[in-house]
Amino acid sequence: MNWLTDIRWLFLDMDHTLVDFNLTERNAFADLCAYLNVSDVGGAFATFLEGNRPLWPRLEAGEINAAELRYARQRYWLEQYRVDADPSVVAQHYETCLGNYVDWFDGVPEILQEWRQRFGLALITNGLSNVKRQQLKQMAGLFSAVSISEEVGAAKPAAAFFQHTLAQITEPLRPEQVLVVGDNYKADILGGKAMGFRTCWIGDESEHAKKEGADIAVSALPKLAAFLRRE
């Protein structure tokens, strides 16, 4: 993989790549249930996920906007559990809870500090501005560029999203000098390839063999760090 020696910037997805967002969601939802006096945290969380997960592909496709996602995902579980609360108010509280947590995968903060010495680091995330900005406060200025879909007005895999990130970089940069790293095959890998970037899929390496597109696949960020150290 001699092409790795050409990489100058790493465009890093956040959720499920750098941080364990499943854990973050569970922690934040437990706080929300305490606020609402809902005792069946596990069941309510499963219902929340049932309503929430189908909404994100629709957001990425431009079928709904962030405000609609915020409202719909709370309304779904509140109705199922017959909780008498305004979904908009509940959404605000839940997002405050989410912003309080940054549940890094093992070794990631140290890897990012190591990479800062060699590469430009950009955070690229399909997410809600208030949540991500609160989480960024806990990341000690690790990233020289940040693109959050709600702020950009476009979500990965749209070219406009990646162009927003490139616009923050002042040095001359060829597409092949960028490595997009993420767990979402459509948003991160196909979106990055369409821009001419190199791509690294974080996921099941055997599953990757069934797909086409990513330049490299690893099960977790430490494996990518090991590859980059050898180059």
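The values are calculated or read from the model by the stated rules, or taken from the named source; none is laboratory data. Here the structure is a predicted model, which means the values were calculated and not measured. Note: ideal-geometry Cβ built from the backbone for every residue, glycine included; neighbour counts use all protein chains shown. The accessibility values were calculated without ligands, DNA or RNA, using every heavy atom of the protein model including side chains. Shrake-Rupley method; radii C 1.70, N 1.55, O 1.52, S 1.80 Å.
Here the Karplus curve 6.51 cos²θ - 1.76 cosθ + 1.60, taken at θ = phi - 60°, turns the phi angles of region 51-61 into couplings of x, 7, 4, x, 6, 5, x, 5, 5, 4, 7 Hz, with x standing for Gly and Pro.
Each residue of region 8-24 was assigned a 3J(HN,Hα) from its phi angle through the Karplus expression (A = 6.51, B = -1.76, C = 1.60, θ = phi - 60°), giving 10, 10, 10, 9, 10, 5, 9, 6, 6, 10, 9, 10, 7, 5, 4, 5, 4 Hz with x at Gly and Pro.
Summarising the amide proton neighbourhood of TRP104: residues at separation of 5 or more, or on other chains, whose placed amide H is nearer than 5 Å comprise ASP20. Each label was represented as a point 7 Å from its Cα along the Cα-to-Cβ direction; for SER219 and SER129 these points are 4.0 nm apart.
In this structure the chain gives 46 Å² per residue of accessible area when probed at 1.4 Å with all protein chains present. Pairs of Lys residues in the chain are counted when their Cα atoms are under 15 angstrom apart and they lie 8 or more places apart or on different chains; the count is 5.
Taking all protein chains together and a 1.4 Å probe, the residues SER149, SER88, SER144 rank SER144, SER88, SER149 from largest to smallest accessible area. Here is how the number arises for the chain: DSSP H runs of 4 or more residues each give -39500 (n - 2.57), the sum is divided by the residue count, and the result at 222 nm is -13500 deg cm²/dmol. Determine the dipole magnitude for the chain: charges of +1 sit on the beta-carbon of Lys and Arg, -1 on that of Asp and Glu, nothing else is charged, the reference point is the Cα centre, and the result goes in debye to the nearest 20. Magnitude of the dipole: close to 480 debye.
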